[in-house]
Amino acid sequence: MTRKFIPSLIGLVACSCLLFAQSPKREVRAAWIATVANIDWPSQQGLPAIEQQQQFIRRVEQLKKMGCNTVIVQIRPCCDACYPSTIEPWSHYLTGQQGEPPFPYYDPLAFMIGEVHKRNMEFHAWFNPFRALMDCHKNPNPPKHVTRLHSPWVINYGGKSYLDPGIPEAREYVINVIKDVVERYDIDAVHLDDYFYPYRIGKTPFGDAKSFARYGNGMDRDNWRRQNVDLFIAQLHNTVKAIKPYIKIGISPFGVWRNSNRDPAEGSDTHAGQTCYDDLYADVLLWMKKGWIDYLMPQLYWEHANHAASFTTLLEWWNHHAYKRQVYYGLGVYHLAERNSHYNVKELLWQMSDIRKSGQVTGFSFYSAASFDKIGPALYDSLIHSYQRFPALPPAMKWIDSIPPEPPVVTAHGSSLKWTVTNPSKEPLKYVVYRFAAKEPIDLERSDRILSVQQEAEFTDNDVRQNRHCSYVVTALDRTWNESKPGNKITVE
């Protein structure tokens, strides 16, 4: 069946082809892949290993074709694991039964990282830190699981169960879970979502009275809760960076930090029913100021015209509170599957456009990957043909590493290029191949001149007959996306 843009988007798509002929060269383009409740992957519990693998490959291939360069995969949905662990049991969302490995046996996390890296994308390992059970009335975990061994750490709230962030040993336990993954796997980032303390449910209190009485030390309870989460994030930073300093730490908070009616000096001009600071006890601005995290990805799932939380207002507010770290934005593709009349394809593309116009080194992530299976082709086609037509590299983070690799030395036989790079540290490198018209100046900011981002040290231009008078340059990228100066120019006449 031939795909067609819906009539209301014809003008928008035609316009976007002009606006985005040269999209940003540096930009995070991500999607979340949620495993909890089998939202995105695998499609159901207990599938054979080969089917799980095939589904993941199809999902990543779809994202790659859309122009994405980052995949955020939930590997720990509820104090369980989508990988072999001596600390927590296999997730039943993966295997069908909590504690049972996949059949035939394989390591899903190693497999997923390999498939993502094979496509020159980043793998961000997504942990839900304190959620223990999706249903507090059903505990499928084996006897040695944290919810059974340390039941005093567990608080039931709103039908779910959580580890109490006010108990130091509980925080230490979560840190050790993440540390285990950092030590054993080649991930690019540790990613946490918005759940620290749970979202408030009416006037029902979160039942941490015992831990507050023991550890509160005379503090106001709200400030004590924020301190608990601050201590957790600071310890997470110190632990991860001590093991692998190049691994990024990212947080995806709720999209409103504080309303201005609670904080006239720093709050946003919004009227959100709940906020990071006052309800989830997540002082994400402090974490940015302290340098404990490398990026924020606030979830801006509202439209421009939303009266309580306008996208325009929040985009501007977050851009002004970056504190020399990077801020990307979560976009609610799932709304399109809900047929929300206020949130449509035109709205989402408008949001992407505004993010790019903000003047920041930024990006976005789609929530969530499976949403693209449930909506029409208009958004997908706009991404692959226009908005994300040309490649983008994830932004470098100079506070992690600011030293680029040496430039490649390129040789050529016709349009077949090969190169070598001086690399005494044996760091894994990628390469960017650019093609320019013969007399065109070399401009490495031209994303539309990128032919390939790859790991191999050779490239053949199969379109050379259509580009007979052209020049090529090659650059090297380190694992944190610092780019070398261009190597020697190769001109083909």
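For this structure, a couple of remarks:
- Our summary gives segment 311-378 a relative contact order of 43 percent, counting only alpha carbon pairs under 8 angstrom and 6 or more residues apart.
- Using alpha-carbon coordinates, inclination of helix 221-243 to the longest axis of the chain, degrees: 40 degrees
- Relative to the current alpha-carbon distance between Q235 and H304, full extension at 0.36 nm per residue lengthens the span by 21.2 nm.
- In degrees, nearest ten, helix 168-184 long axis to first principal axis of the chain (Cα): 30 degrees
- Total formal charge among the other residues, if their Cβ is under 15 angstrom from that of A110, Lys/Arg +1 and Asp/Glu -1: -4
- Lysines whose Cα lies under 27 Å from that of K160, excluding same-chain neighbours fewer than 8 positions away: K138, K144, K179, K203, K210
- Gyration tensor verdict on segment 124-170 (Cα atoms; rounded if a/c is under 1.5, prolate if a/b is larger than b/c, oblate otherwise): rounded
- Of P395, L286, T491, farthest towards positive along the dipole that unit charges on Lys, Arg, Asp, Glu beta carbons give the chain: T491
- In the list (1) 44; (2) 40; (3) 51, the label attached to percent of Cα pairs over 32 Å apart as derived from the coordinates here is (1).
- Distance in nm between pseudo-label sites at D269 and K324 (7 Å out along the Cβ direction from Cα): 3.0 nm
- One decimal place: the segment T86-D443 gains 123.5 nm when fully extended, by the rule 0.36 nm per residue minus the C-alpha distance.
- Accessible area per residue for the chain, computed on protein heavy atoms with a 1.4 Å probe, is 43 Å².
- By the rule of a C-alpha distance below 22 Å, with chain neighbours fewer than 8 residues away ignored, the lysines paired with K374 are K4, K64, K65, K346.
- The chain, relative contact order in percent, only Cα pairs under 8 angstrom and at least six apart counted: 16 percent
- Two-site FRET efficiency, T411 against E172, from Cβ-Cβ distance with R₀ of 35 Å, rounded to 0.05: 0.05
- Size of electric dipole in segment 408-478: Cβ of Lys, Arg +1 and of Asp, Glu -1, about Cα centre, debye, nearest 20: 220 debye
- Dipole check for the chain: with +1 at the C-beta of Lys and Arg, -1 at the C-beta of Asp and Glu, and the Cα centre as origin, the magnitude is about 380 Debye.
- Ratio Rg/Rh, restricted to segment 27-173 and using Cα atoms, in which Rh is the Kirkwood radius: 0.99
- Prolate/oblate/rounded label for segment 375-458 (Cα gyration tensor, a/c 1.5): oblate
- Take 414-425, 338-349 and order them by the average number of nearby Cβ atoms within 10 Å per residue, most first; the result is 338-349, 414-425.
- Within segment 263-287, backbone nitrogen closer than 20 Å to the virtual label 7 Å beyond the Cα of N223 toward Cβ: 263-267, 276-287
- Charge-dipole axis of segment 164-235 as Lys and Arg at +1 and Asp and Glu at -1 on Cβ define it, positive-most pick from P168, I201, V190: I201
- Protection proxy ranking of 202-215, 97-110 - average other beta-carbon atoms within 10 Å, highest first: 97-110, 202-215
- Simple spin-label estimate for E100 and K160 in nanometres, 7 Å along Cα-Cβ: 2.6 nm
- Carbon plus sulfur fraction of accessible area for segment 325-405, probe 1.4 Å, in percent: 51 percent
- Sum of -39500 (n - 2.57) over DSSP H runs of 4+, divided by residues of the chain (222 nm, nearest 500): -8000 deg cm²/dmol
The values are calculated or read from the model by the stated rules, or taken from the named source; none is laboratory data. Treat the numbers as computed from the prediction; the structure is a model and nothing was measured. Cβ coordinates were reconstructed from backbone atoms using ideal geometry, including for glycine residues, and neighbour counts include every protein chain displayed. Calculation scope for accessible area: heavy atoms of the full protein, side chains included, ligands and nucleic acids excluded. Shrake-Rupley method; radii C 1.70, N 1.55, O 1.52, S 1.80 Å.
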